[in-house]
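For reference, the structure discussed in these notes is given below.
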Amino acid sequence: MATAMTGRGMAFIRNVSGVLHSRLQVLGPQQLSCLHTSTLLESKNWERSNRKVYPPQQPNDDRRPAEIHHSRRQIKYSKDKMWYLAKMIRGMSIDEAIAQLAFNDKKGAKVMKEVLEEAQEMAVKNHHVEYKSNLYVAESFSGKGKYLKRIRYHGRGMFGIMDRVNCHYFVKLVEGSPPKTEEKTSFDQAKEYVQSLKSRTIIHSL
């Protein structure tokens, strides 16, 4: 009886798949675009900014610098460890960032160096950047990826739960030289802090 039910079930699945395949062939490409497929699930919002189209500029306007968004996902590394490296190269030129990561012996530095080199090649091939060294790191940050629960076995038949961590890394390169940042002294920072305390609004106060 079990063998007969299994055969009937397999035949039913074949019939349903055949009918679905024939109906999909009848549909046109415009109608197929509304179906929920795996390609839609794998769409990346960060790289979608590369397809942004700007209106044409006026003859007297300054040239709009190119922007390159690139990322790598599901890296077997902690997002917190990756964040320190991402913060280190933020605001650097592309050559200086690659040089700093090349002399860093951490695992995340090697991954970030590969991502920066890939983004540098994309800038020349796809975004019409003339000089690949004329770029700087405008944004650099990490995000949380998949966390897989696993069992860690202990003695006396006991066990614990551990996480297999993954992270994402996102970078944005902008054409041009990096902007100069004003270095503030400790006295200037304290002065700004006191001024922010004086200008704040306390709700339900006298």
Within the stretch 160-181, take every residue that is among the hydrophobic types (A, V, I, L, M, F, W, C) and surrounded by 10 or more Cβ atoms within 10 Å (Cβ to Cβ) and give me the one that is nearest to GLY145 (Cα to Cα). CYS167
Is it true that ARG63 is open to solvent by 100 Å² or more (accessible area, probe 1.4 Å) and of a type outside the set (Gly, Ala, Ser)? yes
Note on the stretch 87-122: residues small (Gly, Ala, Ser) and either farther than 18 Å from CYS167 by Cβ or open to solvent by 70 Å² or more (accessible area, probe 1.4 Å) (or both) are GLY91, SER93, ALA97, ALA99, ALA102
Checklist (1) within 25 Å of the chain's Cα centre (by Cα); (2) surrounded by fewer than 18 Cβ atoms within 10 Å (Cβ to Cβ); (3) within 26 Å of MET82 (Cβ to Cβ) applied to LYS125, failing item: (3)
Number of the exception - ILE203 against (1) at pLDDT 95 or above; (2) open to solvent by 100 Å² or more (accessible area, probe 1.4 Å); (3) β-branched (Val, Ile, Thr): (1)
Hey, any hits in the stretch 138-154 for a residue that's surrounded by 10 or more Cβ atoms within 10 Å (Cβ to Cβ), touching a helix residue (DSSP H, G or I) at 6+ places or on another chain (Cβ under 7 Å) and of a type in the set (Ser, Thr, Tyr)? yes
Among the residues of the stretch 176-186 satisfying the criterion of being farther than 21 Å from ALA66 by Cβ and part of a loop (DSSP other than H, G, I, E, B), which is nearest to the chain's Cα centre (by Cα)? THR181
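The values are calculated or read from the model by the stated rules, or taken from the named source; none is laboratory data. This is a predicted model, so every value here is computed, not measured. Note: ideal-geometry Cβ built from the backbone for every residue, glycine included; neighbour counts use all protein chains shown. The accessibility values were calculated without ligands, DNA or RNA, using every heavy atom of the protein model including side chains. Shrake-Rupley method; radii C 1.70, N 1.55, O 1.52, S 1.80 Å.
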